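In what follows, a single structure is set out as structure tokens and then discussed.
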Amino acid sequence: MAKIETGNSSLFPILQSASTGICRMAEESEQVDVGHDVEFRSLGVRSVLNKSVSKRFHWMAWSINPYRGCEFGCRYCYARYTHEFMEMRDPEAFERKIFVKENAAWLLEQELRRMEKRGTIQEQIALGTATDPWQPIERRAGVTRSLLEVMARHNGLRVGVVTKSTLIERDIDLLQEIDRRSMLVVHVTVTTADVELARKLEPRAPRPDLRLRTVARLRAAGLWVGVLNSPLLPGITDTPEAIDGMARRSKEADATFFAANPLFLKPCSKPTYLGFVREHFPALEPEYARRFAAMDFASRPYSERLRALVSAACKRHGLRERMSDALLTREAEIKKSSRSERPVQQRLFG
């Protein structure tokens, strides 16, 4: 299983193979499918579990990313740098050339068996930290479902997943089985409730209202599901009104918890996101230049102010507050003490 020290680089560290190895694998990949302005290629890998060590937040977890690249094309996506390991410097390549990992389910089965033998099966696993596991190609490739099938055969796992996709509903049966045998926490990212803004910001992701409907359906299926209102965009989605509105909608969808993190811009994502600002919010361009001139992360005072707004919104709407620096599966600890809590009614939003 691959290992890398992530230091202070991100909130959800992304684990990559050595650049020379992954570059060679990319060169040897074969085209397996095509979409609208998107090319899909197979990628041979030696491991699907990658070890993530965060010095920033003092924790370790395993990450799984069934695909390399993501079709959703989110303007702020910090994972664009992963294509740089394959000598692809154009940030747009991340959403235009998607790599499908071969034999992922078989590899995961072997790795989980080794973890069981070592007695480390309860180490946390985060699915979807550098790609969306349920992006459109998953409908045809089925890599994520094959991984869930493996997890559903094991006991005692601690799994956190994050997605923007409504396609996750297809796999409710497997998610329920994983939840029965292990601990599972689902995070659905809803950056904004504004459909027009979402279309510009996340051009190929499902509409926000459809994602909230997915939250309701997953909760109705008995799963532990929360909303990630991330990232909070300075001057765009970071107002008290916007945060409170998302918390209210999350409560209406019966979300278990609510969280929001401030925007951070890695060098690989700055050109794409700042281009979005320049086109749609030109008046904010000087402010962004000032904020991110010398650092990738938000300042401490700004982060603390946003945390206070999120905390107040959670209390106002009766939502659990997820720590912004917590692991994707940290909610599993809460779940132990309230396993019997389930949705009291089914809200399917029509």
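The values are calculated or read from the model by the stated rules, or taken from the named source; none is laboratory data. This one's a predicted model, so the numbers in the text were calculated from it and none came from an experiment. The accessibility values were calculated without ligands, DNA or RNA, using every heavy atom of the protein model including side chains. Shrake-Rupley method; radii C 1.70, N 1.55, O 1.52, S 1.80 Å.
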**OP:** Could you provide, to the nearest whole Å², the per residue accessible area of region 103-247 with probe 1.4 Å?
**Re:** 33 Å²
**OP:** Would you mind pulling out the separation of the Cα centroids of region 187-204 and region 241-296, in Å?
**Re:** 11 Å
Original post:
Check residue 124: other-chain or 5+ apart residues with amide H under 5 Å from its amide H, H built from backbone geometry?
Top reply: 62
**OP:** Can you work out the accessible area per residue across region 282-326, with the rest of the protein chains kept in place, probe 1.4 Å, in square angstrom?
**Re:** 61 Å²
**OP:** Could you go through region 264-276 in sequence order and give the Karplus-derived ³J(HN,Hα) for each residue, using 6.51 cos²θ - 1.76 cosθ + 1.60 with θ = phi - 60°, rounded to whole Hz, and x for Gly and Pro?
**Re:** 10, 10, 6, x, 5, 9, 4, x, 5, 5, 5, x, 4
**OP:** For region 69-81, take each phi angle, set θ = phi - 60°, evaluate the Karplus expression 6.51 cos²θ - 1.76 cosθ + 1.60, and give the result in whole Hz per residue in order, putting x for glycine and proline.
**Re:** x, 8, 6, 5, x, 4, 4, 9, 4, 7, 8, 4, 5
Subject >> Whole-percent carbon and sulfur share, accessible surface of region 84-210, 1.4 Å >> reply: 47 percent
Original post:
Each residue of region 305-317 in turn: what ³J(HN,Hα) in whole Hz from Karplus with 6.51, -1.76, 1.60 and θ = phi - 60°, glycine and Pro shown as x?
Top reply: 5, 5, 4, 5, 5, 5, 4, 5, 5, 4, 5, 5, 10
Original post:
Tell me, what % of the accessible area of region 217-318 is carbon and sulfur with a 1.4 angstrom probe?
Top reply: 56 percent
**OP:** Would you pull out the residues with amide H under 5 Å of residue 39's amide H, same chain only if 5 or more places away, H placed 1.01 Å from N?
**Re:** 97, 98
**OP:** Among the listed pairs 51/315; 164/251; 266/315; 164/270; 97/200; 97/164, give every one whose C-alpha distance is greater than 24 Å.
**Re:** 51/315; 266/315
